[in-house]
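No value in this document is a laboratory result; all are computed from the given coordinates. This is a predicted model, so every value here is computed, not measured. Here the Cβ positions follow ideal geometry from the backbone for every residue, glycine too, while neighbour counts run over all protein chains shown.
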Amino acid sequence: MTIPLTWYLILSAALFAIGLFGVLARRNAIAILIGVELMLNAVNVNILAFWRYIRPDDPSGQVFAIIVLTVAAAEAAVGLALFISIYRTRRSINVDHLDALKG
Amino acid sequence: MALLLFLALALVALLAAVGMVTSRNAVHSALFMLVNFAVYAIFYIMLNAQFLGVVQVIVYAGAIVVLFLFVVMLIGGEIGAVRSSLRRYTYAAALILGALFVAMIGLGIAQTISTDQTVAGAPAAGGVEAIGMALFTTYLLPFELASLLLLAGMVGGVARRYKALDED
């Protein structure tokens, strides 16, 4: 008994939407970055499910997933370095307080 | 059997994801993230992508969660709610948008993909050998670009720290 492809797709859509909710609803920069990581991972599940069910003899799907993983890692490292730097100058990483560019 | 396993894991993943975006303490968020990423690794192995499963555990559950925990340790774990009049509306709007998004995607999936789509007959090229072959021949340029991106991220992180040290 195999798992239908649609189950994977719906699960990853739900996880993506939870991440989207986190990005939109939270005001703390770290919580927002956690939401973004959740979304990137949901996309990876999607990619691998499509790879397994549609084109299993072509490793391109896995290469895509590896590239997404690389981007997520770089994004987390730079983002967290930025948050520390912001915290040192503003004593807060609440995105509502980061309004220096507001006209 | 596989279906039951999938449903149980999906439930754990969803609960951990909800915990991630709703918990007040960033340390709890990061630990929920660890659970979530571990479940993803099991999904990858179920999908016959063993290499990705291992990489998921090493990179996400290992490196990224630890990085998050370090930053939380440095700048404090309280990420609780901000009291402002806008806050309630942001929450409601985010909930509605998220629910609409799932409904939209679910509808699209139901309409376009037949439910009896099963695993294609050929054995999956899930091994490290096939991935390495593709990565170093067909996808050599994206691979090098990804290494450039990682270098840029590393330099960016270090540069931010030096600038912060100069200001002290």
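Assuming R0 = 51 Å, what is the FRET efficiency of B:A99 and B:S147, from their Cβ-Cβ distance, to the nearest 0.05? Please report the intermediate quantities before stating the final value.
Values: r = 40 Å, r/R0 = 0.78.
My answer for the efficiency is 0.80.
Does anyone have the angle between helix A:29-54 and the longest principal axis of chain A? Alpha-carbon axes, 0 to 90°, nearest 10? Roughly 10 degrees between the two axes. Between A:S92 and B:L107, the distance separating the two model label sites (each 7 Å from Cα on the Cα→Cβ line) works out to 4.0 nm. Out of A:V68, A:V45, A:V78, any idea which swings most in a Gaussian network model of chain A, alpha carbons joined below 10 Å? Comparing A:V68, A:V45, A:V78 in a Gaussian network model of chain A, the most mobile one is A:V78.
Here the contact order of chain A, divided by its residue count and restricted to Cα pairs under 8 Å and six or more residues apart, works out to 27 percent.
Karplus-based coupling profile of segment A:3-12, in residue order and whole Hz: 7, x, 4, 4, 4, 4, 5, 5, 4, 6, with θ = phi - 60° in 6.51 cos²θ - 1.76 cosθ + 1.60 and x standing for Gly or Pro. With a Förster radius of 30 Å applied to the C-beta separation of B:F70 and B:L15, the computed FRET efficiency comes to 0.70.
Can you tell me the dipole magnitude for the protein assembly as shown around its Cα centre, using point charges on the Cβ only (Lys, Arg +1; Asp, Glu -1), in Debye to the nearest 20? Spell out each step's value before the answer.
Details: 15 positive and 13 negative charges, 196 e Å.
The dipole of the protein assembly as shown has a size of about 940 debye.
Residues of segment B:1-37 with an amide N closer than 19 Å to a point placed 7 Å from the Cα of B:I58 along the Cα-to-Cβ direction: B:37. In sequence order, segment A:57-68 has phi-based couplings of 8, 10, x, 3, x, 5, 4, 4, 4, 5, 5, 4 Hz under the Karplus curve 6.51 cos²θ - 1.76 cosθ + 1.60, θ = phi - 60°, and Gly or Pro positions carry x.
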